[in-house]
Every structure is written in structure tokens, then in C-alpha cells.
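The values are calculated or read from the model by the stated rules, or taken from the named source; none is laboratory data. Everything numeric in this text was worked out from a predicted model, so none of it was measured. Virtual Cβ from ideal backbone geometry, glycine too; neighbours counted across all protein chains shown.
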Amino acid sequence: MNAFQSFRPGRTAAAAALAAGLVAGSANADNTLNVASGGSQNMVDYVTDYLGPLFEEQNPGWKVRVVGTGPGDAGSQKIKEKLEAQVDNDAWDTDVIATNQKKTGEMVEAGLLSQYRSEISTGALVTRDTAEMALGTDVGGYVMPMFHSQTALAYFPELVSDPPGTYDELRAWVEAHPKQFGYNGIKNGMSGVAFVVGWIYTYGGNTDQVINGPYDPALKDTWDGALADLKAFNEHITFTPGNAGTLDMLNRGEIVMGPVWVDMFYTWQADGRVPPNMKLLVLGPGMPGQPYYYAIPAKAANRDAAKKFIELATSPAVQAEGIVNRFNWYPGIDAEHVQDSLDPAVWAKIFSDVTPADLADKGRPFPLGPFFADIKEAYEQKVTN
């Protein structure tokens, strides 16, 4: 990710009103809000450099301390283990966590998290299904999305004048333009994994069950036709080394189309590492994306302050500046609530190719955990071999 942009002073009226409410509840100088963040280092830097200082400014006497535990399941698992180690204590030393879907769902099921969303003013600003379900686990009330990431196809409009809009159309396009589409299979990057998951959603059947459960191990045996078609499809494509590798090969013109993470694409484009004329689209019927969540541990020592922190973090002004402007992520709250707080040029950049309607219609979650493992295993057995 890019180094952070400088924080722009000044806030919207909505942020100022929120600030007034937060200052009214300020605490003594000894109070520390402890935040544990999974995800990449940029998520830790976000709290250290921007969100934490903003909260401290609006809540005199409070200090925000953030600890990063690393990306993926492993980073969020470390947070889960930290909470489990304190389960018999009266108060826990972690007040706010930022974790991925899989591990957040596990923490809800284990009784490690507190319901709080109905107690904050921004709780009503999110209606997307990923605020209710996390890979088949009901997390309604326990989480607020920090941001949403989304996979999409990047392509050169000059070379792909009539881009495929669906997986069916992509299959026909790839046969007519061999080796011009590239993805990384399921190795070294989730953009390729997401493409494969979207393929199973499209051709494997039982999509709702794969996303929401219940888990049935026999269901993977119904994917043989879809996987055979994917193996045939792969004969006409170029394999890339991973998320960055797909973007590198697009930049060098070695391929003209491939699946990417939207935020990574826009960051590279802003750096001049992919051409400014490249565009994005989300294949129908859908491609997966995922949020990171804010949650409050069940016995957080500073629960009221934690709610204020998440309320600030998910306010329209902070989502606009912190999430969209700084990271090119999609906001955690519904996009329409952020539009008035964004420069029109930024809104146009982020939502011109992939619109809020596209996200609502075609943005899908990743599968239920056991089905997700089955998809990756089946790919290795029946597509790679």
C-alpha cells in the first residue's frame, strides 16, 4: 500500500457534531483504549497515524494503543487466542478488535464478543449482508465493517472494446483470445482464489448453501462438471504469479485482462504502476469480496469508550477520509452515506467502473469455511492435476 496521504484538517458538520458528543464523555488522563488489529501493517498504521490521534483529539484524557497481529487467518487467530486466555478474568485488556470474517465468526460462536451495534449511531448505516453473516455465522449486532474489499476484472478498454460481463461471456472471450486472460489459480494470492470461487458459484449449483450452510461434505462431489470446465478454460489462459503478478503482467501488456483486488488496483494506478486508462468490472452473476470487522470483546474493560471509537471509525466523514481517500477501499457502511463527504472526483474514481449497484448485485461473500476448504482442495485435485 501507499504511504499515507497527509491528514486534511477540518471536518464536516456531521463529524463536528460527532466530535462534540465524544468530547462530552471524555475520561481521565490515565485511560488507555487498547486496540488489536489483524490485517496488514497498513491497518495498524491507520490507527496509529490517523484514527487514534483523531479519537484522542476528540476525547481528551484518552490514549489509543494499537497492536498488530498480522494478516489472514493467522493474525486474527492470535487475537482469538488472546481473548480465550483471559476468559476467566473479570475484565479483559483488549477493548476493540479488527479481524477477518472467519475468525470473527468463530469468536461470536465462542461467546468472546459483545453485541453493540444497536447502541451506536452509525449502526443503522450498514445494511449489507456481510454485516449480518460471516461465512455462514450469524454476526448480526456483533460487528461493524471497517471496510469492504472486492475482486473485479481489470482490462484495457482499447484492446477489449466489448468486455465480457458474465462468466459465460468470459469463457467465449478466452477461447477467441487465447492467453490474453491471466490469473494465479489458487496459489500466491486471493484474487485468483476469488475468481475460482466465483466460478463455483456460477456453475457448481447450491450457491446459497455454499455461502450460508449448512455444510454437507457430499456437496463437493456435485462440482465435477464445473471443475472439468474450469480445467478446459485454463488451457486458454496465462497463469500469473499472484495478486501483484497479475497487475505486473497487465502493466507490461503480457495479458489484457485478469482478476484483481480493487483497492490494490487503484493504489497501483495512483502510483503509475498500471496505466491510467485501465478499467474494472465485476463479472455476473457475482465475484466475492470481504470485509474486515470492528468488534468489542465480551469483557472489554473500556466498553463505552470502545463504542465511541467504533462510532467515530464508522462515521461518514471518517469512512470517506480514512477508508476511501487513504486506502481506496470501499466503505464499511453503505456507500450512499459516504458520498456527501467525498470529493466528487474521488467518488467518480472509486465508483465509476464498479458502482454501488454493482456491489449490491454482484458483490458476494466468500464461502462457508468448510466449503471454502473443499473448493481449494477440489481445484488442486481436479483442475491442477
**Q.** Meets criteria (at pLDDT 95 or above and either assigned to a helix (DSSP H, G or I) or within 19 Å of Pro145 (Cβ to Cβ) (or both)) for Ala348
**A.** no
Q | Filter result (modelled with pLDDT under 95 and either among the aliphatic types (A, V, I, L, M) or closer than 13 Å to Val210 by Cβ (or both)) within the stretch 355-375 | A | Ala357, Leu359, Ala360, Arg364, Pro365, Phe366, Pro367, Leu368, Gly369, Pro370, Phe372, Ala373
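If only one of Gly225, Gly245 is surrounded by fewer than 14 Cβ atoms within 10 Å (Cβ to Cβ) and either of a type outside the set (D, E, K, R) or assigned to a helix (DSSP H, G or I) (or both), which one is it? Don't jump to the end; show me each part of the working.
On the way: Gly245 fails: surrounded by fewer than 14 Cβ atoms within 10 Å (Cβ to Cβ).
After ruling out the rest, the residue left standing is Gly225.
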Q.
As an exercise: evaluate Trp199 against (1) aromatic (Phe, Trp, Tyr); (2) in contact (Cβ under 8 Å) with a residue 60 or more places away in the chain; (3) not in a strand (DSSP E or B) and give the number of the one condition it does not meet.
A. (2)
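Going through Glu175, Glu169 one at a time, which residue ends up being under 20 Å from Asp358 (Cβ atoms) and not assigned by TED's automatic domain parsing to the domain that holds Thr122?
From the options Glu175, Glu169, the qualifying one is Glu169.
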Q | Where Pro178 falls short, out of the listed (1) assigned to a loop (DSSP other than H, G, I, E, B); (2) closer than 20 Å to Trp261 by Cβ | A | (2)
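A quick yes/no check of all residues on (1) in contact (Cβ under 8 Å) with a residue 40 or more places away in the chain; (2) assigned by TED's automatic domain parsing to the domain that holds Tyr50; (3) hydrophobic (A, V, I, L, M, F, W, C); (4) assigned to a helix (DSSP H, G or I):
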site: Val64; (1), (2), (3), (4): yes, yes, yes, no
site: Val67; (1), (2), (3), (4): no, yes, yes, no
site: Gly75; (1), (2), (3), (4): no, yes, no, yes
site: Lys78; (1), (2), (3), (4): yes, yes, no, yes
site: Asn89; (1), (2), (3), (4): yes, yes, no, no
site: Ile97; (1), (2), (3), (4): yes, yes, yes, no
site: Thr104; (1), (2), (3), (4): yes, yes, no, yes
site: Met107; (1), (2), (3), (4): yes, yes, yes, yes
Q. So is Gly272 more than 20 Å from Met146 (Cα to Cα) and under 16 Å from the mean Cα position of the chain (by Cα) or not?
A. no
Q: Please list, ordered by first then second residue, the pairs with beta carbon atoms under 9 Å, 6 or more apart or interchain, first in the stretch 358-385 and over 12 Å from Ile200 (Cβ atoms) and of a type in the set (Ser, Thr, Tyr), second modelled with pLDDT of 95 or more and in a helix (DSSP H, G or I).
A: Thr384/Lys231; Thr384/Asn234
Q.
Quick check on my filter: what residues within the stretch 351-374 are part of a helix (DSSP H, G or I) and over 26 Å from Tyr155 (Cα atoms)?
A. Gly369, Pro370, Phe371, Phe372, Ala373, Asp374
Q: Just one of (1) over 16 Å from Ser315 (Cα atoms); (2) assigned to a helix (DSSP H, G or I); (3) modelled with pLDDT under 90 trips up Leu22, so point out which.
A: (1)
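Kindly establish whether Gln269 is crowded, with 19+ Cβ neighbours inside 10 Å, within 28 Å of Asp248 (Cβ to Cβ) and among the polar types (S, T, N, Q). Before you say what the answer is, go through the steps one by one.
Working: crowded, with 19+ Cβ neighbours inside 10 Å: yes; within 28 Å of Asp248 (Cβ to Cβ): yes; among the polar types (S, T, N, Q): yes.
So Gln269 passes the test.
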(Q) Looking only at the stretch 109-141, filter to residues that are acidic (Asp, Glu) and part of a helix (DSSP H, G or I); which one of those is nearest to the chain's Cα centre (by Cα)? (A) Asp129
Q | Criterion (within 30 Å of Ala98 (Cα to Cα) and in contact (Cβ under 8 Å) with a residue 40 or more places away in the chain) met by exactly one of Gln290, Gln269 | A | Gln290
Q) Can we say Ile186 is assigned by TED's automatic domain parsing to the domain that holds Arg252 and either assigned to a helix (DSSP H, G or I) or modelled with pLDDT of 95 or more (or both)? A) no
(Q) Just to be sure I understand, how many residues within the stretch 109-118 are under 25 Å from Ser315 (Cα atoms), exposed (fewer than 15 other Cβ atoms within 10 Å of the Cβ) and touching a residue at least 60 places away in the same chain (Cβ under 8 Å)? (A) 0
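Applying the selection to the stretch 210-222, what residues are surrounded by 12 or more Cβ atoms within 10 Å (Cβ to Cβ), in contact with an Asp or Glu (Cβ under 8 Å, 6 or more places away or on another chain) and not charged (D, E, K, R)? Walk me through it before giving the result.
If we filter the stretch 210-222 for residues that are surrounded by 12 or more Cβ atoms within 10 Å (Cβ to Cβ), which is where we start, we get 210-213, 215-216, 219-220, 222.
From the residues that got through so far, the ones that are in contact with an Asp or Glu (Cβ under 8 Å, 6 or more places away or on another chain) too are 219-220.
Within the stretch 210-222, Leu219 is the sole residue that qualifies.
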Q. Among the numbered criteria (1) of a type in the set (A, V, I, L, M, F, W, C); (2) buried (at least 19 other Cβ atoms within 10 Å of the Cβ); (3) outside the structural domain of Trp62 (by TED's automatic domain parsing), which single criterion is violated by Ala317?
A. (3)
